[in-house]
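Here is the structure we will look at.
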Amino acid sequence: MRQLEHLIDLDDYKKADWDAIVSLAQDIVKDPAAYSQRCSGKIMATLFYEPSTRTQMSFQTAMLRLGGGLIGFDNPSVSSVAKGENLKDTTKVVSNYADILVIRNPMEGSAKAAALTAGCPVINAGDGGHLHPTQTLTDMLTLKMEKGRLDDLKIGVCGDLVNGRTVHSLLKALSCYKKNEFTLISTKELRLPDYIKDIITERGCKYREVFSIEDAIEDLDMLYMTRIQRERFASMEEYERQKNVFVLDNAKMSKARSDMIVLHPLPRVDEIASEVDADPRALYFKQANYGVFVRMALIICMLEDRIHSAPLLKGGIPEGKACANPKCITHTEPYLPHSFRQTGAALECEYCDSKL
Amino acid sequence: MRQLEHLIDLDDYKKADWDAIVSLAQDIVKDPAAYSQRCSGKIMATLFYEPSTRTQMSFQTAMLRLGGGLIGFDNPSVSSVAKGENLKDTTKVVSNYADILVIRNPMEGSAKAAALTAGCPVINAGDGGHLHPTQTLTDMLTLKMEKGRLDDLKIGVCGDLVNGRTVHSLLKALSCYKKNEFTLISTKELRLPDYIKDIITERGCKYREVFSIEDAIEDLDMLYMTRIQRERFASMEEYERQKNVFVLDNAKMSKARSDMIVLHPLPRVDEIASEVDADPRALYFKQANYGVFVRMALIICMLEDRIHSAPLLKGGIPEGKACANPKCITHTEPYLPHSFRQTGAALECEYCDSKL
Amino acid sequence: MRQLEHLIDLDDYKKADWDAIVSLAQDIVKDPAAYSQRCSGKIMATLFYEPSTRTQMSFQTAMLRLGGGLIGFDNPSVSSVAKGENLKDTTKVVSNYADILVIRNPMEGSAKAAALTAGCPVINAGDGGHLHPTQTLTDMLTLKMEKGRLDDLKIGVCGDLVNGRTVHSLLKALSCYKKNEFTLISTKELRLPDYIKDIITERGCKYREVFSIEDAIEDLDMLYMTRIQRERFASMEEYERQKNVFVLDNAKMSKARSDMIVLHPLPRVDEIASEVDADPRALYFKQANYGVFVRMALIICMLEDRIHSAPLLKGGIPEGKACANPKCITHTEPYLPHSFRQTGAALECEYCDSKL
């Protein structure tokens, strides 16, 4: 039996596989008509256990542009889930209806759990605050198309760097390319976690930390904006004092280079002023559109076995140990085998990556 | 760059364009198979911010019958809207995914607002109580197919003529054709507004007002039924006394001509008795079906640039003025440029058409 | 005008028609590609007035695999239904948009009511606790594929046999095949109703009643598991004492024959332990997949007029009589003609089959 390819975590693939996806996406951008029947007769199921129209429509558009069909739900109260069905049963059944399955679920590790028993390839479209690999592929395609390269870039990332899933994933991926330099822009409380800083350093890249957009913007090739939620500030006074420091407007844009580009994973709320939209360097809407092309490339690579991932569970299964992360999928789906990998002295859960 | 065509208001087009759409729809009725791949490879997005299965399915069916694909939402709580995204950002992104965008939104002027920044043609599928142009095109195709003409018709319209969006739009459109005569059937409190009566007269048509269906039905070519909501009557006593006067039943139908047709925009509640459905002159279900054909024609005309509208915003943008209509989209989307046109002594908002 | 075929109740068709559907489904299983454009250009509408993702996705997948398109709703609060539209009007309009209509509605007899005025074939995808014929066709295809026959089988059915719609329908259907023997496994309170036992006997089959899975499992060709809801037990004490007797686990499976198969209509909750999923005799996920193939066959048979049903209403319409079942569709849709058939001394409602 053929080994199914899943995209749960970009780290399950080699860099050459990422490059293959991005490169195919570039080909599709050049000549989309050549791919318009590539997945004719295939069906994609989108199982969205929490709302994300943007991501769901992006995947649906990708499949339609390849000539495929669509099933799925975006409202779990309408599904068998409402009758108490577990993730495994839903996945088993739907993955036999469809040729490829896209899942978003608020529990961390849920996409991996689904992949364990799925009858078709599974794509992680966001498992809680944990991973969102197709956003990172989108960001990589945007850089490749707009800057011509993924290495030797001066990259600013701004927002809540403690909790920002898209930022973590982007920094980890771009650290694998040579000579990238990162400028981390956040409040003191919302600085990037040490373990990601360590990854950046280990992979041979540099970073610096600053506490306002203005301190960073002059020398950047790309500024990646994300939101800081009001609740994340230390206090209401702190929020009032600092909020504008992390909002991008025309005044701050006037200090940036003429070839700097601004990206954002969207949806945006207030962190980029509306006036910036008219600036030709504001590429976040174009970036959303690249998201369709990179997902087209990903679907082709998975259905045609053009990329090859590591096994879903690599570590052993220590008797009697359970993950301590309350958001881990192993708590709501008790039939799942516990599995941990040894990382230095620590055990890490193979579903949600949290340390025991 | 190509100027995109949008359908926000029928008045943005010349009568020749309406006739072109209706005429193409007639061709499609005759030979639908000839159009079954006309939009192959194209995608329609339906963004429905309030429920309207009827209208949404009608557009979806039209696109499928042309060979196209579908994305969209019908439940804004499930979309990025729920995360606070504004109309502009949703429109920008989705109009890059799709080739044509259909929007229904409860705020008046919302479809025009969406069209201002959309990357593809936009069709207004209802912006609150303001406009619903594809219903009027449906009504026109029905008349053309069933009566053979759009002029020289005796037309009765019954229901809440103060607030009836579909009736206003139909009367304005049919006033552009010669020798049409309108019979306005409503309670005294729910009579047609003066400004629409003025339009009818200016365009050279006649109208009369009556206060029951029986006073009007004998001499009509077409009776257009709509609902009067209970709350619209002056009092509960008034409602009890008058309600049957505005309900169509077999007894009233017996007084109509044998070639009179009955239309209704649907959904109906009680204003047409179930018994009337079996009457061959009851054409409201057939009319709903014509709605698919006219939308097929409209999609083709817009995607193939066969019709040409006036610019979205024509007037100047007086400094410091804001629209006073609380339902106007400019109140919930503050980034929108205010824009008014001079009409006699008054300024009219170019989004919701209300007077300043 | 062509007489439309509807699938409301399997009993409206002759056994030869069931066999034709199952046989075509077997052909499709063998060579699905040969059918991939069979319904190209056709549209299926799925009107789901209550949640059932499983059934809805199964129909949608079937139509996509035949090359057709999809419209529909799964959330009545979003539809015109929310504006007070009756079932007749919704059906009339949507059945003119689509080529085939699939309906699920909690009222008993609703699918037949819809079929009475539909403009295209209607498939009953579940009308409350009354009928669910495509589940039974799925079960029959599974037996045919996995056991090679529909007769001469030893079949166990386990669960709530009083209320189990899928079990009733399966027993009635399989009683039409020779030499089938049924083992009815339930609590004393949840035994199969007498009228179904009578049908089994009349049709020449045998049954026995037992009160635990272990009493039955040794000699079965197929065990059909369904759920017993906690509330159905006589008391909480009774539930605690008995619940495990009706749960299938590996221990019980160890007593079954090596060629016994386990089926379940899904979704399952606790009645089959997760550990059983790995047993090669556990075929409920495969069964769900057969559901797609049998629905493909059904759609073809209906669109191509390959099967022929009895008229929807056969009996007379006794003046002044109304159905007494509060869940009957005739109560919520008052325009429906009452209709009863004479069965012995009793009158049975032709919508919900309950006795007057």
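The condition (being part of a strand (DSSP E or B), outside the structural domain of B:ASP17 (by TED's automatic domain parsing), in contact with a strand residue (DSSP E or B) (Cβ under 8 Å, 6 or more places away or on another chain) and of a type in the set (Val, Ile, Thr)) is satisfied by just one residue among B:VAL167, B:VAL157: B:VAL157. If you check C:ARG38, C:ARG54 for being at pLDDT 95 or above and among the basic types (Lys, Arg), only one passes: C:ARG38. When residues in the stretch C:90-138 are screened for being acidic (Asp, Glu) and surrounded by 24 or more Cβ atoms within 10 Å (Cβ to Cβ), 2 of them pass. Please determine, by comparing only the residues of the stretch A:254-275 that are out of contact with any helix residue (DSSP H, G or I) (no Cβ under 6 Å at 6 or more places or on another chain) and β-branched (Val, Ile, Thr), which one is nearest to the other protein chains (Cβ to nearest Cβ). The selected residue is A:VAL269. Taking the condition among the β-branched types (Val, Ile, Thr), touching a helix residue (DSSP H, G or I) at 6+ places or on another chain (Cβ under 7 Å), closer than 29 Å to A:TYR284 by Cα and not in a helix (DSSP H, G or I), does B:THR90 pass? Considered against the rule, which asks whether it is among the β-branched types (Val, Ile, Thr), touching a helix residue (DSSP H, G or I) at 6+ places or on another chain (Cβ under 7 Å), closer than 29 Å to A:TYR284 by Cα and not in a helix (DSSP H, G or I), B:THR90 comes out as no. Every residue in the stretch A:197-237 that is buried (at least 20 other Cβ atoms within 10 Å of the Cβ) and either within 20 Å of the chain's Cα centre (by Cα) or outside the structural domain of A:ASP139 (by TED's automatic domain parsing) (or both), please. Selection gives A:ILE200, A:MET222, A:LEU223, A:TYR224, A:MET225, A:THR226, A:ARG227, A:ILE228. The conditions are (1) part of a loop (DSSP other than H, G, I, E, B); (2) away from chain B (no Cβ under 14 Å), and A:ALA251 fails exactly one of them. Which is it? Only one criterion in (1) part of a loop (DSSP other than H, G, I, E, B); (2) away from chain B (no Cβ under 14 Å) is unmet by A:ALA251, namely (1).
In the stretch C:51-68, of all residues being within 9 Å of chain A (Cβ to nearest Cβ) and not in a helix (DSSP H, G or I), the one that is nearest to C:GLN135 (Cα to Cα) corresponds to C:SER52. Consider B:SER52 against the criteria (1) without any contact (Cβ under 8 Å) to a residue 40 or more places away in the chain; (2) crowded, with 21+ Cβ neighbours inside 10 Å: it satisfies all of them except one. Which criterion is unmet? If we test B:SER52 against (1) without any contact (Cβ under 8 Å) to a residue 40 or more places away in the chain; (2) crowded, with 21+ Cβ neighbours inside 10 Å, just (1) comes out false. Screening the candidates A:ILE199, A:ILE228 for the property of being within 24 Å of A:GLY128 (Cα to Cα) and either assigned to a loop (DSSP other than H, G, I, E, B) or within 14 Å of chain B (Cβ to nearest Cβ) (or both) yields one hit, A:ILE228.
Hey, does the stretch B:101-117 have a residue that's within 23 Å of A:THR61 (Cβ to Cβ), facing another protein chain (nearest Cβ under 7 Å) and not in a strand (DSSP E or B)? Within the stretch B:101-117 (the criterion being within 23 Å of A:THR61 (Cβ to Cβ), facing another protein chain (nearest Cβ under 7 Å) and not in a strand (DSSP E or B)), the answer is no, since none of the residues qualifies.
Scanning the stretch A:146-169 for residues that are surrounded by fewer than 17 Cβ atoms within 10 Å (Cβ to Cβ) and at positive phi yields A:GLY148, A:ASP152. Every condition in (1) away from every other protein chain (no Cβ under 12 Å); (2) out of contact with any strand residue (DSSP E or B) (no Cβ under 7 Å at 6 or more places or on another chain); (3) at pLDDT 95 or above holds for B:HIS308 except the one numbered (3).
Just a yes or no: is a residue in the stretch A:320-331 touching a His at 6+ places or on another chain (Cβ under 9 Å), surrounded by fewer than 16 Cβ atoms within 10 Å (Cβ to Cβ) and farther than 23 Å from A:GLY128 by Cβ? Yes, there is a match, as at least one residue in the stretch A:320-331 is touching a His at 6+ places or on another chain (Cβ under 9 Å), surrounded by fewer than 16 Cβ atoms within 10 Å (Cβ to Cβ) and farther than 23 Å from A:GLY128 by Cβ. If only residues of the stretch B:336-347 that are surrounded by 15 or more Cβ atoms within 10 Å (Cβ to Cβ) and touching a residue at least 24 places away in the same chain (Cβ under 8 Å) are counted, the one that is farthest from B:GLN37 (Cα to Cα) is B:LEU347. Only a single item in (1) assigned to a loop (DSSP other than H, G, I, E, B); (2) more than 16 Å from the chain's Cα centre (by Cα) is not met by A:VAL29, and it is number (1). Of all positions in the stretch B:6-15, none carries a residue that is without any contact (Cβ under 8 Å) to a residue 24 or more places away in the chain, out of contact with any helix residue (DSSP H, G or I) (no Cβ under 6 Å at 6 or more places or on another chain) and either crowded, with 18+ Cβ neighbours inside 10 Å or hydroxyl-bearing (Ser, Thr, Tyr) (or both). For the stretch C:32-47, taking the residues that are farther than 14 Å from C:ARG65 by Cβ and surrounded by 18 or more Cβ atoms within 10 Å (Cβ to Cβ), the one that is farthest from the chain's Cα centre (by Cα) is identified as C:ILE43.
The values are calculated or read from the model by the stated rules, or taken from the named source; none is laboratory data. Values in this document were obtained by computation on a predicted structure and should not be read as measured data. Quick reminder, even Gly has a Cβ in these numbers, built from the backbone with ideal geometry, and neighbours come from all protein chains shown.
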